[in-house]
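In what follows, a structure is listed as structure tokens, so that the remarks can point back to it.
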Amino acid sequence: MISSPRLSCKTGFYYVFLYGSLICFLVIFMLPLLWVLGLSLKTREQIFTTPPLFLWRPTLENYFTVLSEKNFLISFWNSFLVTTSTVLVSLFAGIPAAYTIARYRFPGRKLIFFSLLVMRMLPPIAALLPLYVMFSFGGLINTRISLVLAYTTFSLPIIVWVTRDFFKTVPRDLEEAAYMDGASRTGAFLRVALPLAKPGITTAAILSMLLAWNDFIFAAILTNNATRTAPVLLSTYAGSETGTDWGAIAASGILVLLPVIVFSLIAQRHLVSGLSSGSINDARVA
Amino acid sequence: MRHHDRHHGSAISASNTGFRGRNYLAQIAKLADFWFIPLTIFPTVALSSAVFGFPLLLSLIMSFAAWSIDEPVLAADFVGLRNYRDLFADPVFVASLCLTLGYTAATVCLEILVGLAIAMLLNQDLPYIRFFRIALIVPMMVTPIVAALCWKLLLDPTYGLVDYLVGSPIIWLGDPTLALITVGGVSVWQNAPFVALLLLAGLQSLPKEVVEAATIDGATKIALFRHVTLPLLSPYLLVALLLRTIFEFRAFDNVYVMTAGGPANATLVLSIYVYQTSFFSFDLTLASAASWVMLLIVLTVCLILIATMRRKEPD
């Protein structure tokens with residue numbers, strides 16, 4: 001913290017300046033989203049007025065329209081299915097590896113570890129093209145399974161990196177005590193380390209969930225009308241120009257964002273260090 | 001048959017009675033312990049090889065071949081570097097490469113400047129500062145497609161809020177120069193909060209004693225920032241720089257929704273180029289070559305990142 005003793009006795013002007021700039025940034029970063037939230041609560045006539053309307057009686061009409069629309073519900077359901085499956089698959093595959101990488105030294109450990117980082121960092125479009133070829137030969141194009149497989153390219157590294165960091169914070173003594181009591185390696189992992197790393201596993205799961213939910217590029221190519229996810233459906237609204245139903249677009253956008261906001265706030269403490277894939281230590285900001 | 005039955009039975013009665021069953025389980029446990037490292041590593045290695053290692057190898061091979069997706073795989077001819085030569089002879093690709101490098105440099109610089117400013121503000125010890133820190137998480141995590149869609153509505157020349165506030169109808173996404181700036185601006189809007197929170201974590205980890213000592217020695221605020229804060233923060237700045245470079249270089253979502261590469265290829269970043277070459281022109285070998293050019297560029301940045309991380313974590 002860079003607040004010196006001298007600063008604390010500065011005049012109120014300094015505080016006005018600080019809060020002024022903070023609020024200024026807040027407006028820049030929040031207003032666009034709040035405005036769209038506003039659009040979703042307006043009727044068609046209220047949206048297309050010049051100058052724009054700043055005070056009105058909010059209506060939920062757009063939400064009723066969107067939630068009764070089959071396309072939206074299907075895509076939402078697809079997003080949900082693909083996201084949960086991605087998280088589960090990556091958790092099952094990734095957690096044992098994360099534990100072993102954190103606890104044991106074995107040849108190839110660093111290689112696996114950094115290959116996973118590279119996997120997360122390389123541009124998805126580069127993996128998408130060969131995956132498309134593979135899936136079309138395997139008959140998996142336009143299935144949700146192909147999407148889950150494609151999503152493990154970013155979700156598996158996140159899970160391994162984040163949970164490894166948490167396994168490292170579990171004191172080794174506890175497992176050693178378990179070994180003294182006759183526990184096996186598997187037993188020490190499942191009964192001692194795993195329960196203690198639970199917060200880390202939750203964080204990792206939320207992070208990979210958010211990334212899978214937010215993905216567009218893989219879903220745009222690997223799905224069709226029946227299997228497309230919510231972001232893909234939303235992107236089809238962008239092509240059409242004014243005259244389309246802004247209220248419905250805004251309402252669908254807000255509905256897609258709701259889970260994102262809820263889960264981001266749950267995982268807020270570890271979001272930044274998770275998103276930087278362990279390249280910084282312990283970025284707990286709030 | 002009998003053999004099979006015995007195994008089946010022991011698995012069921014393992015927990016309550018069978019002595020024999022416990023023995024059997026103990027043997028499995030012993031084996032699992034012996035093979036613990038390979039067994040735990042295997043799923044991750046297998047899955048990542050299948051969805052990442054193998055595909056990248058495939059695209060590397062494709063980048064040296066003449067082949068189209070409706071032909072059998074074995075019909076592919078090895079053509080050496082022809083695809084790469086074609087690629088660099090394609091003015092659209094070269095323009096796209098330059099554009100992407102420029103776009104990346106500009107957005108990353110802005111994100112770091114804005115992020116640093118916000119991080120300094122958020123680092124003050126003020127009442128309710130937590131509220132501002134948490135609020136910043138929202139734009140950072142917003143689904144990129146939704147963010148781009150929101151901005152598309154906001155920037156609408158007839159009914160958009162931005163043109164109302166500016167006071168004149170500016171066609172943000174229709175003009176070639178302006179479109180690129182606008183698309184980059186939206187990316188800065190979305191990602192500066194991440195940089196801010198990352199640098200804030202750095203600021204909070206600074207050793208307090210050093211800062212206090214400098215203050216007691218009479219360092220001015222500016223001197224403190226230049227000679228104490230900035231050098232101590234540099235590892236975090238480097239990580240922010242590398243990470244954002246990697247992620248801006250792959251820019252796709254915001255561009256796709258807002259301009260789709262247009263007008264007149266003014267926002268045709270490399271990801272969009274590869275996307276169009278693969279899935280509209282279906283020139284998969286040329287697209288593979290282009291994606292390997294992308295991969296090599298990102299891999300270089302990535303190796304620098306790994307080098308900095310290894311320094312931090314020696315074992």
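Candidate cross-link partners of A:LYS42 among the aspartates and glutamates, defined by an alpha-carbon separation under 12 Å and a same-chain spacing of 8 or more, comprise A:GLU61, A:ASP245. The fewest-to-most ranking of B:TYR103, B:TYR275 by surrounding Cβ atoms within 10 Å reads B:TYR103, B:TYR275. Taking the number of Cβ atoms within 10 Å of each Cβ as an exposure proxy, the fewest-first ranking of A:THR83, A:THR223 is A:THR223, A:THR83.
May I have the convex hull volume per residue, in Å³, for the Cα set of region B:219-299? Please list the in-between numbers first.
Values: hull volume 9.5 nm³, N = 81.
Output value, Cα hull per residue: 118 Å³.
Counts of other chain beta carbons within 10 angstrom of each beta carbon in peptide A:22-33 average 6. Extent along the principal axes, Cα only, for the protein assembly as shown: 86, 71, 53 Å, with the longest axis given first. Taking 22 Å as the limit for the C-alpha separation, the pairs A:LYS168/B:LYS30; A:LYS198/B:LYS30; A:LYS110/A:LYS168 exceed it in the case of A:LYS168/B:LYS30; A:LYS198/B:LYS30.
FRET efficiency for A:SER68 and B:GLU209, Cβ-Cβ distance as r, R0 = 45 Å, nearest 0.05?
Details: r = 62 Å, r/R0 = 1.38.
With a Förster radius of 45 Å, E is 0.15.
Taking the number of Cβ atoms within 10 Å of each Cβ as an exposure proxy, the fewest-first ranking of B:GLU212, B:GLU111 is B:GLU212, B:GLU111.
Under the classification rounded if a/c is under 1.5, otherwise prolate if a/b is larger than b/c and oblate if not, where does region A:63-275 fall, given a ≥ b ≥ c as square roots of the Cα gyration tensor eigenvalues? Because a/c hits 1.5 or more and a/b exceeds b/c, region A:63-275 counts as prolate.
Which of rounded, prolate, oblate describes chain B, given a ≥ b ≥ c as roots of the alpha-carbon gyration tensor eigenvalues and a/c under 1.5 marking rounded, otherwise prolate only if a/b is larger than b/c?
On the way: a/c = 2.06, a/b = 1.23, b/c = 1.68.
It is oblate, given that a/c is not under 1.5 and a/b is not larger than b/c.
Please give the contour-minus-distance gain from B:ILE61 to B:ALA105: 0.36 nm per residue of separation, less the Cα-Cα distance, rounded to one decimal in nm. Walk me through the intermediate numbers first.
Numbers: separation 44, 0.36 × 44 = 15.84 nm, distance 3.08 nm.
Difference between extended and current length: 12.8 nm.
For region B:101-221, the square roots of the Cα gyration tensor eigenvalues, ordered a ≥ b ≥ c, give a/c of at least 1.5 with a/b greater than b/c, which places it in the prolate category. Full extension of the chain segment joining A:LEU174 with A:ASP245 gains 19.6 nm, where the gain is 0.36 nm per residue of separation less the Cα-Cα distance.
In chain A, which longest range has no GluC sites (Glu not before Pro) that are both DSSP loop (not H, G, I, E or B) and surrounded by at most 16 other Cβ atoms within 10 Å? Provide the component values of the computation, followed by the final result.
Working: sites that count: A:GLU69, A:GLU241.
Between exposed loop sites, the widest span is A:70-240.
Peptide B:233-243 has a mean of 2 when you count, residue by residue, the C-beta atoms of other protein chains within 10 Å of its C-beta. Inter-chain neighbour count for A:143-149: the average number of beta-carbon atoms from partner chains within 10 Å of each residue's beta-carbon is 1.
Per the helix-only calculation at 222 nm, which mean residue ellipticity applies to chain B, given -39500 (n - 2.57) for every DSSP H run of n ≥ 4 and division by its residues, nearest 500 deg cm²/dmol? Intermediate values should be presented prior to the final figure.
On the way: 17 runs with 227 residues, N = 315.
After summing the helix terms and dividing by the residues of chain B, the value is -23000 deg cm²/dmol.
Where a number appears in this text, it was derived from the coordinates with a stated rule and is not lab data. Only a predicted model underlies this, so the values are computations on that prediction, with no experimental measurement involved. Methodologically, a virtual Cβ is constructed for each residue, glycine included, from the backbone with ideal geometry; neighbour enumeration extends over all protein chains shown.
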